Amino acid sequence: MAILIACSGDESSAPLYRNAGAPVDARVEDLLARMTLEEKVAQVTTLWQDKAHIVDADLNFDPVKARDAYPHGIGQIARPSDRSGAADTGDDGGPRWRSPRNTVAFVNAVQEYALNETRLGIPVLFHAEALHGYATRDATSFPQAIALASSWDTELVQRVNEVIAREVRARGVPLVLSPVVDIARDPRWGRIEETFGEDPYLVGEMGVAAVRGLQGDSLPLADDRVFATLKHMTGHGQPESGINVGTAPFGERTLREYFFPPFEQVVRRTRLGALMASYNEIDGVPSHVNKWMLDDVLRGEWGFEGAVVSDYEAIEQLVNLHQLLPDMESAAIAALDAGVDSELPDGRAYPTLADAVRGGRVPEAQLDEAVRRMLRLKFNAGLFENPYADADRAEAVIDDPDTRQLALESARKSLVLLKNDGALPLDDTAIKTLAVIGPNAAVARLGGYSGLPRHRVSLLDGIKARFPGEVRHAEGVRITESGDWWTSEVQLADRGENLQRIREAVETARSADAIVLALGDTEQTSREAWANNHLGDRSSLRLVGEQEELAQAMFELGKPVIVVLINGRPPALEKITAGANGLIEAWYPGQEGGTALAEALFGDTNPGGKLPLTFARNVGQLPLYYNHKPSARRGYLFDDKSPLFPFGFGLSYTDFDIGAPQLSAVEIKADGSVKVSVVVQNTGERAGDEVVQLYIRDKVSSVTRPVKELRGFRRVSLQPGERQKIEFTLDSQALSLWNSAMQRVVEPGEFEIMVGPNSADLKTVTLKVES
């Protein structure tokens, strides 16, 4: 429903900002001119835990309390689907989620109050978490971001995010805090799972696809789309010591070559609504006061016109963590000056801006610019015309059959086959008894920033539904006593009890014909460390607890053992890889993951995913990523310098032949382009998917360049014997570098153009670039 507000005095004849046919910028300026200083400040602050100030004893919206607590209006509310804030938790440690219908009732009650009972009738902007599904109850849970990246399928990622947008918007929320385009270059970091991997090009392509899926390509937003918030700018994915929020000790060249490109691609190629600054500091400057990064680069060079929002409590951290500023007013002034338009999740610093403006410490024009950007989001979301949600629609999109099928498709395409000595696929006619062992066998782990979907399938569920023979199950070991992502304390399972569980698992598996062993993480052993008492980063890459001992006990039985990894970060697996007959990386595969895994194990589907990051052999190799500089990786005494599995790696149940790359021209001008074609053929006996990957190397350059850089990829499905010609285009942007004067140029010389199935096994041709 849409409601027109009658204004008093000479404004009674529908002010311009109420005219839906007027240009958005004109509406913004008209509204801004009518606002008091306090009303402006309200628009750049948020409520999350402070929702407690606007609800009654039953946690329903209370307009009387809202009027008393926030007489100048409410700009933004975080996570309307949780019933209060972080401190209001349920029995499992997580939020007490509202039902879909109750969420809509809360949103609509807030909006009715905002439109009808505040002076200017400005609607409230709601935001939610939606990294791989709406993080609430009764929403679809897709594979975690690192799993979606393993699909190397941007069209799939776009379709997944279209569904996420539909489910979120149906409950009245027009803004989500997703996607994450930090490149992840330290697997000790607990937030690896939230990323699309280590490569700037792959991450950028996935980020563009995700934003297009969430927002669409036009403004105003369609009624089934939401604004995206690109996270986190920047350097966040390689923190010092692998610890979340750690410093990013990088110079401008490293930022421009590795960390900036995914953000730049999304900003330039989409109509991105919002961007979030990162917690960390770069060269002594925290990102939330980095005017060079947020203003000169983001807005000046790339032309970003959307809103920059703070990460949760990050402006407060300028005082209490970075110790950069003495008080909240100073932090607010500095963040606003750097270009941060809105404080999340609660107003702790930005409410001081009204006094700062009155005292001459902040130009009101600077505050106005932040308010403009936040109002523009609201106008472009259509909130002034219709801010309301429909409860029937919100419930109708839940557990939709087509959506569940998409969750299954995305799980199938995310699986990466890392080893197969011929044991896979399992032969269900030869195997009569199958042992399904391990701490991740009987639970459908979803990963961080997940909700509570109505439907979820564990590996054990999937196998029981698919396998006609006898299935025997044992937990084998327990990793942590709780798997709840929200709970701060992490308690490892008792070693003595785990050794007894291993003995029981051995007896369970002893008479089986084959073993499926599910290992990996819980949501507690790989997660965001958001506080000193809520940690999630690790100093080791080995599997937690007694999992390696369980694996060795299974190997010693002399049965075929297929290891399935369900986890959030790439672990060190040398011994397990050596002992396993087959190894599948599933990451957190979403609510339909168990079905997808069972299909792959028995050959109903053929895994075709590829690793979006490098697997190290041990923590001593870190940092380890494929696109290193030539002077790196000389080697170690008494150890192997090579990765366990290289970036882009993944096997199949069939065989592929990727031919040598062919160039449309062997010489081009610096401002020209070249087409690279390659023929890929399925030479095996099964249908399957291959990901053809294109890399380049600048052989001689004025500044050092990586040994190789991804510049294209294509996932193709081929029948046995089928051939397909793939074509890529390399232009001046793809061949450019940042020279010693920090200018983006294409230098004349020779480039190696490399094509293959991963970053290690490549065929090469030489391209000459002339000035």
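The values are calculated or read from the model by the stated rules, or taken from the named source; none is laboratory data. Here the structure is a predicted model, which is why all the values come from computation and not from measurement. Neighbour counts are summed over all protein chains in view; Cβ atoms, including those assigned to glycine, are modelled from backbone coordinates with ideal geometry. Keep in mind that these areas ignore ligands, DNA and RNA; they rest on the heavy atoms of the full protein, side chains included. Shrake-Rupley method; radii C 1.70, N 1.55, O 1.52, S 1.80 Å.
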Problem - Amide H contacts under 5 Å for residue 230, placed H, 5+ residues apart - result: 274, 275, 276
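If the only charges are +1 at each Lys and Arg Cβ and -1 at each Asp and Glu Cβ, what is the size of the charge dipole of the chain around the Cα centre, to the nearest 20 debye? Don't jump to the answer; show the numbers that get you there.
Working: 82 positive and 111 negative charges, 266 e Å.
Dipole about the Cα centre, nearest 20: 1280 debye.
Report in % the part of the accessible area of the chain that belongs to carbon and sulfur, leaving out ligands and nucleic acids; probe 1.4 Å. Mind showing how you got there, number by number?
Numbers: 12460 of 27100 Å².
Answer for the chain: carbon and sulfur cover 46 percent of the accessible area.
Are there trypsin sites (Lys or Arg not before Pro) in the range 592-655 that DSSP marks as loop and that have at most 10 other Cβ atoms within 10 Å, and which are they?
Filter output for the range 592-655: 634.
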Problem - the range 760-771 - phi-based ³J(HN,Hα) in whole Hz, Karplus 6.51/-1.76/1.60, Gly and Pro as x - result: 9, 9, 10, 10, 10, 9, 9, 10, 9, 10, 9, 6
Handout entry: P(r) of the range 390-543 over all Cα-Cα pairs, binned every 5 Å from zero, in whole percent
Key = 2, 7, 13, 17, 17, 16, 13, 8, 4, 2, 1, 0
Practice task
Based on the mean of other Cβ atoms within 10 Å per residue, sort peptides 435-444, 25-34 so the most packed one is first.
Solution key: 435-444, 25-34
Practice task
Taking the chain as the reference, fit the longest principal axis to its C-alpha atoms, fit the long axis of helix 100-117 to the helix C-alpha atoms, and give the angle between the two in degrees, 0 to 90, nearest 10.
Solution key: 20
Handout entry: Members of 669/725; 610/708; 559/763; 231/725 lying beyond 28 Å, as alpha-carbon distances in this model show
Key = 559/763; 231/725
Practice task
Report the accessible area of residue 322, computed with a 1.4 Å probe over the heavy atoms of all protein chains in place, in Å² rounded to the nearest 10.
Solution key: 40
Exercise for the section: Could you grab the relative contact order for the range 242-321? Cα pairs under 8 Å, six or more apart, rounded to a whole percent. Expected result: 34
Fill in the blank from the handout: The summed charge of the residue 129 Cβ neighbourhood (under 12 Å; Lys/Arg +1, Asp/Glu -1) stands at -1
Handout entry: Helical mean residue ellipticity (222 nm; -39500 (n - 2.57) per DSSP H run of 4+; nearest 500) of the chain
Key = -8000 deg cm²/dmol
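Using the Cβ atoms and a cut-off under 10 Å, what net charge is assigned to the surroundings of residue 315, where Lys and Arg are +1 and Asp and Glu are -1?
Numbers: positive: 348; negative: 311, 313, 316, 343.
Summing Lys/Arg as +1 and Asp/Glu as -1 gives -3.
Where only protein heavy atoms count, and the probe is 1.4 Å, what is the accessible area per residue for the chain in Å²? Could the numbers behind the result be given before it?
Details: 27100 Å² over 771 residues.
Ligands and nucleic acids excluded, the figure is 35 Å² per residue.
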Problem - Acute angle (nearest 10 degrees) that the helix 154-169 long axis makes with the longest principal axis of the chain, alpha-carbon atoms - result: 40
Exercise for the section: Restrict the search to the range 227-325; then list the GluC sites (Glu not before Pro) that DSSP places in a loop and that have at most 15 other Cβ atoms within 10 Å of their Cβ. Expected result: 305
Fill in the blank from the handout: Candidates for semi-axes √(5λ) of the Cα gyration tensor in Å are (1) 44, 32, 24; (2) 135, 41, 19; (3) 52, 34, 23, and the calculated one carries label (1)
Practice task
Using the Karplus curve 6.51 cos²θ - 1.76 cosθ + 1.60 with θ = phi - 60°, work out ³J(HN,Hα) for each residue of the range 412-421 in order, rounded to whole Hz, and write x for Gly and Pro.
Solution key: 4, 6, 8, 6, 10, 7, 9, 8, 7, 8
Handout entry: the chain: angle of helix 200-215 to the longest principal axis, Cα-based, in degrees nearest 10
Key = 50
Completion exercise
Karplus-derived 3J(HN,Hα) from phi for the range 279-292 (6.51 cos²θ - 1.76 cosθ + 1.60, θ = phi - 60°), whole Hz, x at Gly and Pro, runs 5, 6, 9, 10, 6, x, 10, x, 4, 6, 10, 8, 5, 4
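Could you pull out the chymotrypsin sites (Phe, Trp or Tyr not before Pro) across the range 173-238 that fall in loop regions by DSSP (anything but H, G, I, E, B) with no more than 15 other Cβ atoms inside 10 Å? Write out the running numbers ahead of the final one.
Details: sites: 189, 196, 201, 227; in loops: 189, 196.
Hits after loop and neighbour filter: nothing returned.
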Practice task
Tell me which residues come under 5 Å, amide H to amide H, from residue 304 once H is placed; ignore anything under 5 positions away on its chain.
Solution key: 299
Completion exercise
The computed P(r) of the range 35-184 puts the percent of Cα pairs beyond 23 Å at 41
Exercise for the section: Quick one: net charge around residue 164, please, counting Lys, Arg +1 and Asp, Glu -1 for every other residue with C-beta under 11 Å from its C-beta. Expected result: 0
